[in-house]
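Comments concern the structure below.
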Amino acid sequence: FQGGDTCEYLLSSGRFLGEKVWQPHSCMMHKYKNSEAKNCLIDKHIVFIGDSRIRQLFYSFVKLINPQVKEEGNKHGNIPFEDKSASIKVDFLWYPEVNGSMRQRIKSWTEGSVAKPHIIVVGAATWSIKIHNGSNEALAQYKINITSIAPLLEKLAKSSDVYWVLQDPVYEDMLSESRKMITNEKIDAYNEAAVRILNSSSRNSKAKVKVFSVSKLIAQETIMKSADGLHLPESSRDTNAMILMNVYCNKIMKPIDGSCCQPQPPLTLIQKIAFCFFTLSIIGYLIISLIHRNNYRKNKSCADLESGEEKKPAISTSNVSTLEMLLHSFCKLGLIMTYFYLCDRANLFMKENKFYTHSSFFIPIVYILVLGVFYTENTKETKVLNREQTDEWKGWMQLVILIYHISGASTFLPVYMHIRVLVAAYLFQTGYGHFSYFWIKGDFGVYRVCQVLFRLNFLVVVLCIVMDRPYQFYYFVPLVTVWFMIIYATLAIWPQIVQKKANGNCLWHFGLLLKLICLLTCIYFLSYSQGTFEKIFSFWPLSKCFELNGNVYEWWFRWKLDRYVVFYGMLFAFIYLALQKRQMISEGKGDPLFSNRVSNVLLFISIVSFLTYSIWASSCKNKTECNELHPSVSVVQILAFILIRNIPGYVRSVYSSFFAWFGKISLELFICQYHIWLAADTKGILVLIPGYPMFNVLVSTFIFVCVAHEISQITNDLAQIVVPKDNSTLLKRLLCIAGFFSGLHLFSAMQDQSRH
């Protein structure tokens, strides 16, 4: 529990991650781009007052607005800057000492109707030490001068943001002879005086001068790299400027990955309704549990005193048990969603930025691989991509993806490209699994469709409501949902071609191939026609589902990135099942998939292909160019892995129960990580135990996995109730669901209107 204002922590404490990445205590710092800085500071006037160190900070701040600005001009004079496109004025005023001249300038902003700067950054001391040779009289005069200035700054703080920058330490060994009197002992004395005097008259007031002390901590780590022992290196000044930008702009721009200085978002109308619903569910479940317990006690079997016969307790009706199961599930879900909200919406737990190192990614990978191999068991069946094997595949891929996310490995391009293959492999399994089901079972009923859609989307819909996020934010679920519907439509439209029908006439196989070719043509057309794609998904109600930040570009990008892999999965399933039907492959326990010679050749080709793709992915230099090739070539490594995993009989006959366990809850793990393992919608890391990174990861991971497992069980329980097999009951439930989404849309419209 951070228990305070994150702005105070941002201005006063933190540590370096690596050499250049500054991590404030308890919160995340956003890296502002030029366009964002301009949007935040539009029509603003910012003033920096002080000596050469403040001038350096001024230039670093200005470069956040315009990187082309050069540090030139009179170093011991005022320096103006103006960005006319955004009406931003930033001025540096040369006042190297805290004296009467500085006081007069500050006083001029407090009098009459003079326009006050929106942000004032003040700081000075080293010149006083230098000019007066570090005398005690100079320190005494400094205290007097700052005492006279403090009330004026406090008065300005009521309408402006006022920051007093404490003096950074110096690297005494590098100081020139003319600066040798500037010692860290003297600097500490001046800083102590400033902190004690500032805000002394307004300690209980909200309008305070903000003391910018974090610069001291940054300087302690970096001053050794200074050119003269006095002035900070450029990277440190840039960090200070970025901290200033975060302090002022985060509450205005509200960046997702900038939790410092952001107030807790107010509850929306839909969130309030959800809170009431879960509260009523908990109360309802407790009431029913108490009633059942009392009835059980009253109807407890006991000997009849007259007849000696045993009385049996009344049997509960199925309606009551269904209601109890429903309330029990929503009761647990309500408690879990409260934890979600507290972790990633309330300012209760700390959040930190990610920082990538090779060891933070590869060491956990090796660790889980060893664990996975340790838990090796025999499979129940030895078919290609049997249930245990696909669960295992999903499990280890999901664990690798989780480590990739928490370690921030997306900044390392070779790792990014391999993770893209893992995401593609999930979609490949989607194509393979659903095609196999429809082809073998021939079940195109509404029940099957509703079951799949419910299991895929239930958690995401709840999170959209509780966490106030759009559906497209959880991009993977919309992706697999749309691809499932595409697979269903491809196979369900006339003529419906299934295995049973095709066995009677081989021509039906060509009919199915024709369907697949039509599907491939549509995919190819949409991938090269962004306008058509965006028009399709910009129509209401699809736009409500697939828009993110007011457009569907993100959805188009995600869809395009793995556009062919589901088709490859369907085609692989068709070829495999055709070969299996004609007994052209051997799937016995311990037997190689093909003849020894063919198996060895295919195995060699697969290993070479697998390694070739890895070499290509590791040599990628440009993410955009590699993303363009990825949809066409990712299937190479996927097919190579399948063949390596299935051609040898022994390898096909065993699986890792450790990975398979995680595979069964892989969808829940992928979605839950957004808010209760990572933080700030995956941009940072949740900190439950500050100061102990490894212990924190262990505790948060344990809770995260338990919650994902529990949600998986809740989803399965509710799927049986919400999606019954009886068609008439199912139709009623679908009408109720349609009513629910209509109400949700109505409340969403009311919410949007109130925001505007």
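The values are calculated or read from the model by the stated rules, or taken from the named source; none is laboratory data. Note that this is a predicted model, so its numbers are computed, not measured. Every residue, glycine among them, receives a Cβ derived from its backbone with ideal geometry; neighbour counts consider all protein chains shown. We work out accessible area using only protein heavy atoms, side chains counted, and drop any ligands, DNA or RNA first. Shrake-Rupley method; radii C 1.70, N 1.55, O 1.52, S 1.80 Å.
Assessment of segment 392-399 against the conditions (among the acidic types (Asp, Glu) and buried (at least 21 other Cβ atoms within 10 Å of the Cβ)) yields at least one matching residue.
Taking THR222 as meeting all but one of (1) hydroxyl-bearing (Ser, Thr, Tyr); (2) without any contact (Cβ under 8 Å) to a residue 40 or more places away in the chain; (3) closer than 27 Å to PRO117 by Cα, write down the number of the exception. The single condition THR222 does not satisfy is (3).
Criterion applied to LEU520, LEU512 was being surrounded by fewer than 19 Cβ atoms within 10 Å (Cβ to Cβ), over 30 Å from ILE665 (Cα atoms) and in contact (Cβ under 8 Å) with a residue 12 or more places away in the chain, and the one residue passing it is LEU520.
Can LYS33 be described as surrounded by fewer than 19 Cβ atoms within 10 Å (Cβ to Cβ) and assigned by the TED database to the domain that holds ALA140? It would help to see each step written out before you state the result.
Details: surrounded by fewer than 19 Cβ atoms within 10 Å (Cβ to Cβ): yes; assigned by the TED database to the domain that holds ALA140: yes.
Here the answer is yes, as LYS33 does meet what is asked.
Residues that are among the hydrophobic types (A, V, I, L, M, F, W, C), open to solvent by less than 60 Å² (accessible area, probe 1.4 Å) and more than 14 Å from ILE106 (Cα to Cα) do not occur anywhere in segment 154-161.
I want to confirm something. Restricting to segment 716-749 and keeping residues that are of a type in the set (S, T, N, Q) and open to solvent by less than 80 Å² (accessible area, probe 1.4 Å), which single residue is nearest to MET325 (Cα to Cα)? I'd like the intermediate steps shown before the answer.
Keep residues of segment 716-749 that are of a type in the set (S, T, N, Q), which gives 716, 720, 727-729, 742, 748.
Filter once more, keeping what is open to solvent by less than 80 Å² (accessible area, probe 1.4 Å): 716, 728-729, 742, 748.
Values: ASN716: 12, SER728: 22, THR729: 18, SER742: 26, SER748: 29 Å.
Per the criteria, the residue is ASN716.
Would you be able to say whether some residue in segment 691-703 is in the same structural domain as PRO364 (by the TED database), in contact with a helix residue (DSSP H, G or I) (Cβ under 8 Å, 6 or more places away or on another chain), modelled with pLDDT of 95 or more and within 30 Å of GLU324 (Cα to Cα)? Yes, there is a match, as at least one residue in segment 691-703 is in the same structural domain as PRO364 (by the TED database), in contact with a helix residue (DSSP H, G or I) (Cβ under 8 Å, 6 or more places away or on another chain), modelled with pLDDT of 95 or more and within 30 Å of GLU324 (Cα to Cα). Tell me, which helices (runs of 4 or more DSSP H) wholly within segment 1-117 include 2 or more residues that are within 29 Å of THR357 (Cα to Cα)? Ranges flagged: 6-12, 34-41, 52-65. Residue check: GLY431 meets all listed conditions (1) more than 27 Å from ASN627 (Cβ to Cβ); (2) under 29 Å from the mean Cα position of the chain (by Cα); (3) not hydrophobic (A, V, I, L, M, F, W, C) but one, namely (1). Among the residues of segment 659-690, those that are more than 11 Å from the chain's Cα centre (by Cα) and modelled with pLDDT under 95 comprise VAL687, LEU688, ILE689, PRO690. Here the helices (runs of 4 or more DSSP H) wholly within segment 528-592 that include at least 2 residues being under 29 Å from VAL633 (Cα atoms) are 530-536, 553-561, 565-581.
Is it the case, given these coordinates, that LYS20 is of a type outside the set (A, V, I, L, M, F, W, C) and at pLDDT 95 or above? Show your work before the answer.
Numbers: of a type outside the set (A, V, I, L, M, F, W, C): yes; at pLDDT 95 or above: no.
Here the answer is no, as LYS20 does not meet what is asked.
Taking the conditions (1) touching a residue at least 24 places away in the same chain (Cβ under 8 Å); (2) more than 30 Å from TYR404 (Cα to Cα); (3) open to solvent by less than 80 Å² (accessible area, probe 1.4 Å) in turn, ASP752 satisfies each one other than (1).
Answer yes if at least one residue in segment 482-491 is closer than 30 Å to PHE330 by Cα, among the aliphatic types (A, V, I, L, M) and at pLDDT 95 or above, and no otherwise. Write out each step before concluding.
Kept after step one, since they are closer than 30 Å to PHE330 by Cα, are these residues of segment 482-491: 482-485.
The next check asks that each one be among the aliphatic types (A, V, I, L, M); those that pass are 482, 485.
Keeping just the survivors that are at pLDDT 95 or above gives 482, 485.
Among the residues of segment 482-491, at least one is closer than 30 Å to PHE330 by Cα, among the aliphatic types (A, V, I, L, M) and at pLDDT 95 or above, which makes the answer yes.
Selection over segment 462-493 of residues that are open to solvent by 30 Å² or more (accessible area, probe 1.4 Å) and either without any contact (Cβ under 8 Å) to a residue 24 or more places away in the chain or in a helix (DSSP H, G or I) (or both) gives a count of 7.
Checking each residue of segment 530-539 against the condition of being over 29 Å from the mean Cα position of the chain (by Cα) and assigned by the TED database to the domain that holds CYS464 gives at least one match. Taking segment 593-602 as the range and being open to solvent by less than 40 Å² (accessible area, probe 1.4 Å) and assigned to a helix (DSSP H, G or I) as the test, only SER599 passes. Out of the residues in segment 249-276 that are among the hydrophobic types (A, V, I, L, M, F, W, C) and surrounded by 19 or more Cβ atoms within 10 Å (Cβ to Cβ), which is nearest to LYS683 (Cα to Cα)? By that ranking, first place goes to CYS260. For segment 540-568, the candidate set comprises residues that are out of contact with any helix residue (DSSP H, G or I) (no Cβ under 7 Å at 6 or more places or on another chain) and among the aromatic types (Phe, Trp, Tyr); within that set, the residue that is surrounded by the most Cβ atoms within 10 Å (Cβ to Cβ) is TYR553. Which one of these does LYS383 not meet: (1) part of a helix (DSSP H, G or I); (2) more than 21 Å from the chain's Cα centre (by Cα)? If we test LYS383 against (1) part of a helix (DSSP H, G or I); (2) more than 21 Å from the chain's Cα centre (by Cα), just (1) comes out false. Are any of the residues in segment 125-137 more than 41 Å from the chain's Cα centre (by Cα), of a type in the set (A, V, I, L, M, F, W, C) and surrounded by 21 or more Cβ atoms within 10 Å (Cβ to Cβ)? Yes: segment 125-137 contains one or more residues that are more than 41 Å from the chain's Cα centre (by Cα), of a type in the set (A, V, I, L, M, F, W, C) and surrounded by 21 or more Cβ atoms within 10 Å (Cβ to Cβ). Within segment 83-118, track down each residue that is closer than 17 Å to ARG55 by Cβ and of a type in the set (Asp, Glu). Residues satisfying the conditions are ASP91, GLU97. For the residues GLY431, GLY408, the requirement of being open to solvent by less than 20 Å² (accessible area, probe 1.4 Å), touching a Lys or Arg at 6+ places or on another chain (Cβ under 6 Å) and in the same structural domain as LYS581 (by the TED database) singles out GLY408.
Taking every residue in segment 107-136 that is over 18 Å from ILE187 (Cβ atoms) and of a type in the set (Gly, Ala, Ser) and pairing it with any residue that is open to solvent by 10 Å² or more (accessible area, probe 1.4 Å) and assigned to a loop (DSSP other than H, G, I, E, B), at least 6 positions away or on another chain, the pairs with Cβ-Cβ distances below 9 Å are SER108/VAL114.
Answer yes if at least one residue in segment 421-440 is of a type outside the set (A, V, I, L, M, F, W, C) and either at pLDDT below 95 or over 30 Å from VAL400 (Cα atoms) (or both), and no otherwise. No, every residue in segment 421-440 fails to be of a type outside the set (A, V, I, L, M, F, W, C) and either at pLDDT below 95 or over 30 Å from VAL400 (Cα atoms) (or both).
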